[in-house]
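Q: Quick one: the structure is below, and I'll ask about it shortly.
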Ligand SMILES: [Zn+2]
């Protein structure tokens, strides 16, 4: 097989570009996100789109080249790249390698569409396995599925009564539900505030308090040195609200606020502020607890 024209890139360059795009997709992208195979000239993009791609070392289980629709197509293999991702077993970012013999490529509805079923295994523990479903449409690779789903455990510093909002926000973010992720993260902050004894007292005096007023009351409960040292939950709430309303905000607002929230709550726990425990019973009124103990 030879390239269709004199200007076409050698096979190896297209194969490298394909593997590189796949590596980026599996390492850095989330469900339903995609990556384009980076090529130089326009003709090369067409070559990528019209080829039948299959992982190196696998056999063709359906041979589209022998079909009428496969006329003019070329089979091209690509190396399955190692990927650096989180391993739940090792509890760290580790190198995953493809289990080549189990990987498959399947022709899609049109000659330029394919699906890849890719099996990866943690190279450290050799226990954790992840299956990816990747769809190719022309020169674009999309992460169509992943088993198990990418999940984030809520850190221990989060109060258990509200941690699920934070955890659900992370899942929404990693499955491409950007707006839902922002709403859930903002909801986490609001629910956290509402369960604090000081806020409950303020609400019992004025049940019609707006959420921004609740945020201000919360800020006033914090020691000055704490506010100087740790990020502000109210600022996170404002940034998330702006993003939800479609205002111009930093593109990584979700990740930024997720991290700021954790720093803030870690600070509360470190300083032993009231309501900062991870009690399964939710926030407790420290004063009432002390009375009960006495
Ligand atoms: Zn592992």
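Q: Quick one: what pairs do we get from region 265-277, first residue under 13 Å from residue 225 (Cα atoms), second at pLDDT below 85, C-beta under 7 Å, 6+ apart or different chains?
A: That search, which allows pairs on different chains as well, returns 268/276.
Q: I need a count of the residues in region 123-133 that are in a strand (DSSP E or B), within 15 Å of the ligand (Cβ to nearest atom) and surrounded by fewer than 17 Cβ atoms within 10 Å (Cβ to Cβ).
A: 1
Q: Between a first residue in region 82-102 that is under 15 Å from residue 28 (Cα atoms) and a second residue that is assigned to a helix (DSSP H, G or I) and within 8 Å of the ligand (Cβ to nearest atom), which pairs have beta carbons less than 7 Å apart while being 6 or more apart in sequence or on different chains?
A: The qualifying pairs do not exist here.
Q: Is it the case that some residue within region 178-187 is more than 16 Å from the ligand (Cβ to nearest atom), surrounded by 15 or more Cβ atoms within 10 Å (Cβ to Cβ), more than 22 Å from the chain's Cα centre (by Cα) and within 30 Å of residue 243 (Cβ to Cβ)?
A: No, that holds for no residue.
Q: Condition (residue is under 30 Å from residue 33 (Cα atoms), in contact with a helix residue (DSSP H, G or I) (Cβ under 8 Å, 6 or more places away or on another chain) and free of Cβ contacts under 8 Å to residues at least 12 places away in the same chain) applied to region 170-183: is it met by at least one residue?
A: The answer is yes; a qualifying residue exists.
Q: Same structure again: Out of (1) part of a loop (DSSP other than H, G, I, E, B); (2) more than 30 Å from residue 45 (Cα to Cα); (3) away from the ligand (no atom under 16 Å from the Cβ); (4) touching a residue at least 12 places away in the same chain (Cβ under 8 Å), the odd one out for residue 208 is which?
A: (4)
Q: In addition: Looking at region 134-154, which of the residues that are under 16 Å from the mean Cα position of the chain (by Cα) and either without any contact (Cβ under 8 Å) to a residue 60 or more places away in the chain or part of a loop (DSSP other than H, G, I, E, B) (or both) is farthest from the ligand (Cβ to nearest atom)?
A: 154
Q: Mind counting the residues in region 212-244 that are part of a helix (DSSP H, G or I) and either in contact with a helix residue (DSSP H, G or I) (Cβ under 6 Å, 6 or more places away or on another chain) or closer than 17 Å to residue 267 by Cβ (or both)?
A: Residues that pass the stated criteria total 22.
Q: Let me ask another. Can you pull out the residues in region 90-113 that are within 24 Å of the chain's Cα centre (by Cα) and more than 16 Å from the ligand (Cβ to nearest atom)?
A: If the condition is that a residue be within 24 Å of the chain's Cα centre (by Cα) and more than 16 Å from the ligand (Cβ to nearest atom), then 103 is the only one that fits.
The values are calculated or read from the model by the stated rules, or taken from the named source; none is laboratory data. The model shown is predicted, which means the values in this text are computed figures rather than measured ones. Backbone-built Cβ (ideal geometry, glycine too); neighbour counts: all protein chains shown.
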